[in-house]
Amino acid sequence: MSPDSHAIETMLLEERRYEPPPEFAAQANAQPDLYERDWRELWETEGRERLTWFQPFTELLEWEPPYARWYVGGTLNVCFNCVDRHVEAGNGDKVAYHWEGEPAGERYALTFAELQREVVRFANALRGLGVAKGTPVAIYMGMVPELPIAMLACARLGAPHTVVFGGFSADALADRVNDMGCEVLVTQDEGWRRGTPVPLKRNADEALESCPSVGRVVVLQRTGSAVSMRQGRDVSWQDAVSGQPDDSASCPCEPMDAEDLLYLLYTSGTTAKPKGIVHTTAGYLVGVATTHHYVFDVKPDSVYWCAADIGWVTGHSYIVYGPLCNGTTGVLYEGTPDYPDKDRWWEIVERYRVDILYTAPTAIRAHMKWGPEYAQRHDLSSLRLLGSVGEPINPEAWRWYREHIGGDRTPIVDTWWQTETGMILITPLPGVTTLKPGSATKPFPGVDAAVYDERGNEVGPGAGGYLVLRRPWPAMLRGIHNAHDRYVETYWSRYGDVYFAGDGARVDEDGDFWLLGRVDDVMNVSGHRISTIEVESALVDHPHVAEAAVCGRADPQTGQAIVAYVTLKGAEEGSVAMLEELRDHVARKIGPIAKPANVVFTPELPKTRSGKIMRRLLRDVAEQRALGDTTTLADPTVVEEIQQRAEAEKSAE
């Protein structure tokens, strides 16, 4: 295939369709006319009506590629919009978060009024430590309520924050703190993960040995274990807030320009220095609140659970800022889905009567592997909407999710977006969209997405290529921190004033988008550019397969050969017969060109703490190279076992 035609070939066909249930459509927040609105009118109306402004904006958008300025001239405060205005409106008694600790029985509800008091107390404590408008603050914590409290306190003061995921190493923390020049670090003694303490303060101390900008450290006592506290630098959270006033007048919300920095969030940086993605105030908040309202169909009495970690952009946008701006009751869970048993999530859904659940395909496939019996132990009838985020979802995982978690009745919103986009950009609208398992369907109203070939031509229906965005959107990144040239090179150099997402995609005859994974993961087999997601989806379609990841390895005949790493359901062991059955199954679903040359059976796949499969490491195994950075893995021993299995299978050939 010439690269001048289609950038990526697509061969997998999915024909199942699910029309919106009439009773859901009748009450849906989104109605079909949403797609008919002019994009400028849509974002202007959402901006005026969804937020409370101290000073109204005078201009919707200034677009000087590759930088946008939204809601020009307006001033507001994110914390006021997420907390104070709900209390002032008489909704202080409404639950903001149901928090569930990992240790059994540790739980409580935090109302909006209580959240306001805690945010004000901590904001006053930060002020006492020298934090003011513009002071950069790092936050390195687990999934405890004090994490969003710290974020909101920073927003209240106008202090930009960077949240560093609690599973990251000391080196990763130091990189981010130094790049932003943070002056204060907020952390905790330890966190919990599968019943084992995570040494957050110890990691922080190691990081701070190379972070000269940090002058003060606030340490939340979570487990109560003894940790090192440096005199003059470290203070416990409990001591810092003791005696601080908690009335809103004692710490008014700082008026912020629409384009003032709200936070930096660093991409994980699998091959290079992490990128500090810049997100500002008004456009970001309009984008996440608007999409949260329409995509998740939130109601005044909804109990919404985004089962991500706040350390990732999903948590920033759809656990903290979007839901709180909309006054929605959320769920925060500290631990893992399989502690103390594999039904912990379903126990939480039943306890709080969760009606909206948003999670990642990797989590769904883990539950598939464990089996539906864990969900069957619990009453999940409160669920009326399911969501997926993080990577393309295999059609069979989509179907399993709907059938076993959603009772074969709930719509599923399969969402595409990125750390860089800030908000959901391609998604079904529940009650409006005809759903297709594995498809993110349509761009959100006001969003102009397309698929281009190598030369920048829009490809036709059914063809694969590169996903691009041709129009600015409110929550878009405002650059990479201190790296203008890298920003231009990464996102704007391929097609000029068109944003290059780095993902492969195709658009079908109905105009629906199918994501094909990262462009870096595309395999070139005998001149055919084949996406990893299509081969993985074909493998997961087999009734014995719970999860699969594929990558390419160098091959003297075909350029690249496909290597598949497969986890079978119910801890089933692989066999030569199963290997051949899976190769033939892929050939039937896609075509002989996509048959894996090798199949490695493994009980687990290497994943980051956020649940993404690290195909880069699988390529290292397939190419028999030294492993790259494994610090972001949830369990580094997994990839070592895969290496051993791969070597054993090669020796047996």
Hz values of 3J(HN,Hα) by residue in region 379-396 - Karplus curve (6.51, -1.76, 1.60), Gly and Pro given as x:
7, 9, 5, 5, 5, 10, 8, 10, x, 9, 8, x, 6, x, 9, 5, x, 6
Charges on Cβ only, +1 for Lys and Arg, -1 for Asp and Glu, centred on the Cα centroid of the chain; of G517, G322, G311, which one is farthest towards the dipole's positive end?
G311
Hand me the GluC sites (Glu not before Pro) from region 438-545 located in a DSSP loop with no more than 10 other Cβ atoms within 10 Å, in residue order please.
E509
If amide H atoms are modeled at 1.01 Å from N in the peptide plane, then the residues at a separation of 5 or more from S382, or on another chain, having amide H under 5 Å from its own are none
With +1 on the Cβ of every Lys and Arg and -1 on the Cβ of every Asp and Glu, and nothing else charged, how large is the dipole of region 366-414 about its Cα centre, in debye rounded to the nearest 20?
100 debye
Residue-wise, which Karplus ³J(HN,Hα) couplings in Hz belong to region 469-484, taking 6.51 cos²θ - 1.76 cosθ + 1.60, θ = phi - 60°, and x for glycine or proline?
10, 9, 9, x, 9, x, 8, 4, 4, 9, x, 10, 3, 6, 8, 4
What are the ³J(HN,Hα) values, in whole Hz, obtained from phi via the Karplus relation 6.51 cos²θ - 1.76 cosθ + 1.60 with θ = phi - 60°, for each residue of region 165-171 in sequence order, with x given for Gly and Pro?
3, x, x, 6, 7, 4, 5
Selection of chymotrypsin sites (Phe, Trp or Tyr not before Pro), region 389-419, meeting DSSP coil and at most 16 other Cβ within 10 Å:
none
Give the residue from A172, H98, S526 lying farthest towards the positive end of the charge dipole for the chain; charges sit on Cβ (+1 for Lys and Arg, -1 for Asp and Glu) and the dipole is referred to the Cα centre.
A172
Using alpha carbons only, how many angstrom separate the centre of region 57-118 from the centre of region 360-415?
28 Å
Determine the distance separating the Cα centre of region 172-222 from the Cα centre of region 237-268; give it in Å without decimals.
19 Å
Answer in debye to the nearest 20: the dipole magnitude of region 522-652 about its Cα centre, from +1 Lys/Arg and -1 Asp/Glu charges placed on Cβ, is 460 debye
Taking amide H atoms as placed 1.01 Å from N in the peptide plane, list the residues 5 or more away in sequence, or in a different chain, whose amide H sits under 5 Å from that of Y140.
V164, V186, T187
Listed residue (A577, A554, T608) projecting farthest to the positive dipole end of region 522-652, Cβ model
A554
Give the long-range amide H neighbours of G502: residues separated by 5 or more places, or on another chain, with amide H under 5 Å away, using H modelled in the peptide plane at 1.01 Å from N.
L467
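For the chain, what does -39500 (n - 2.57) per DSSP helix run (n ≥ 4), summed and divided by total residues, give at 222 nm, in deg cm²/dmol to the nearest 500?
-8000 deg cm²/dmol
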First measure r as the distance between the Cβ atoms of E209 and Y108, then evaluate 1/(1 + (r/R0)^6) with R0 = 35 Å and state the FRET efficiency to the nearest 0.05.
0.45
Treating only Lys and Arg (+1) and Asp and Glu (-1) as charged, each at its beta carbon, one finds that the chain has a dipole about its Cα centre, in Debye to the nearest 20, of 620 debye
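Where a number appears in this text, it was derived from the coordinates with a stated rule and is not lab data. These numbers come from a predicted model, not from an experiment. Note: ideal-geometry Cβ built from the backbone for every residue, glycine included; neighbour counts use all protein chains shown.
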